[in-house]
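Have a look at the structure below before the remarks.
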Amino acid sequence: MTLDSKDAKSQQSDGLEIKPLDIVLLLLKYKWMIIAITLAAALIPVVFNIKAINLPSHQQPSIASEYNFAMCKILAKNETGESLAKMLQSAKLKAAMIKNEELIKIMGNVFYDPLNNAWLTKQTLSRDDMEEILTNKLTINREGDTLGIIQYHYDPKVAQQILKYYLLELERRCNELAGDIKMKRLREKDAFIKEITREYNDTKDQMLRLAIAPHIAEALVKKKEIAVASFTAFEIIEPPSINTIPLQYMPKPKQIKGLKIIMLSAAFAFIFSIVLAFFIEYLKVSMLKNPDTIKQIKNYLSWRNRKP
């Protein structure tokens, strides 16, 4: 091999060599194009309101939430089914449930250690969390005076415990109302006995006294019956139990959300714009070295257009 041929090869290899400085200069040359494409790609998720993208995942599938529940059935006794349903959904009953420390520990069972009677981590189950579960996850189906109550929760055992506390709180609420009603009826009966006794004592007519006496005796008996009467608002037909329907599984896709979507879109656009800059520069250099290339491309395109 001659010296001239060696020099020609070295010149060719030098022409193909890309230095770091060349890359920097190329990026600076096409900086506005790169910035424009990157910004446009970053704005696309914002403009089209793309909040999440689901990706295929081989993670363990999650249990379908519609099958995670506990249920019970009660029959109204001294109350109507409608009034019991209203009590179950009343703000006062829910407020009492939210204040119940034992129920808070049960609903936050992932974070509470019952053996050591302490929270494993900082308590994260807020009042709003409990209110959402108690408000949005409770379903009541009423057929006359029979109520079917369903409580949804990702842990069916927790749902079962929630229902037990619901029934306890409902019974206490009904007893409070019954106590108020009983006291009202006793006061009314006392007032009646006091009034009729006054009439009995004021009259001198023996026939009228004989007529009033049975009413006084009857009122006293009624008062005693009211005082010792027990109140049962409802009867539990089916106690709280976990759903027996076989659990169904649904895939849990991996999601990319919010800022990550914008960042990934901008990153891909940034890489694409750099590749595009190199490609444009390569075409420019190729055309400068081989002017006939443009003619060849034009001839090829004109031939493609003439082709039937």
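The values are calculated or read from the model by the stated rules, or taken from the named source; none is laboratory data. Nothing here was measured: the structure is a model prediction, and the numbers come from that model. Please note: Cβ atoms are built from the backbone with ideal geometry, for glycine as well, and neighbour counts cover all protein chains shown. Please note that ligands, DNA and RNA were not included when accessible areas were found on the heavy atoms of the full protein model with its side chains. Shrake-Rupley method; radii C 1.70, N 1.55, O 1.52, S 1.80 Å.
Could you pull out every residue, at least 5 positions away or on a different chain, whose amide H is within less than 5 Å of the one on Phe234? Hs are placed 1.01 Å off N in the peptide plane, and Pro or chain starts have none.
It is Lys77, Asn78, by chain and number.
Can you pull the accessible area of Val46 for me, 1.4 Å probe, Å² to the nearest 10?
Accessible area, nearest 10 Å²: 90 Å².
Taking the stretch 149-205, which chymotrypsin sites (Phe, Trp or Tyr not before Pro) meet the DSSP loop condition and have no more than 14 other C-beta atoms within 10 Å?
Qualifying residues, ordered by number: Tyr154.
Using the Cβ atoms and a cut-off under 12 Å, what net charge is assigned to the surroundings of Glu169, where Lys and Arg are +1 and Asp and Glu are -1?
+3
Going down the list Lys77/Lys137; Lys92/Lys189; Lys73/Lys224; Lys31/Lys284, which pairs span over 28 Å between their C-alpha atoms?
Lys92/Lys189; Lys73/Lys224
If you roll a 1.4 Å probe over the heavy atoms of the protein chains, what accessible area per residue do you get for the stretch 156-200, in Å²?
Spelled out: the 1.4 Å probe surface of the stretch 156-200, per residue, equals 62 Å².
Taking R0 as 35 Å, what FRET efficiency do you get between Arg187 and Ala95 from their Cβ-Cβ distance, rounded to the nearest 0.05?
Computed FRET efficiency for Arg187 and Ala95 comes out at 0.80.
Given labels modelled 7 Å from the Cα in the Cβ direction, how far is it in nm from Lys31 to Leu208?
Distance between the two pseudo-spin positions: 11.4 nm.
Working with all protein chains in place, sort Asp128, Asp155 by solvent-accessible area computed with a 1.4 Å probe, largest first.
Values: Asp128 110, Asp155 40 Å².
The ordering from most to least exposed comes out as Asp128, Asp155.
Nearest 0.05, what FRET efficiency do Arg127 and Ile280 give at R0 = 41 Å with Cβ-Cβ as r?
0.10
Would you mind counting up the charge near Ile237? Only other residues with Cβ under 13 Å from its Cβ, with Lys and Arg at +1 and Asp and Glu at -1.
-2
Could you compute the net charge surrounding Gly179? Neighbours are other residues with a C-beta less than 12 Å from the C-beta of Gly179; K and R count +1, D and E count -1.
Numbers: positive: Arg172, Arg173, Lys182, Lys184, Arg185; negative: Glu176, Asp180.
That sum, taken over residues with Cβ under 12 Å, equals +3.
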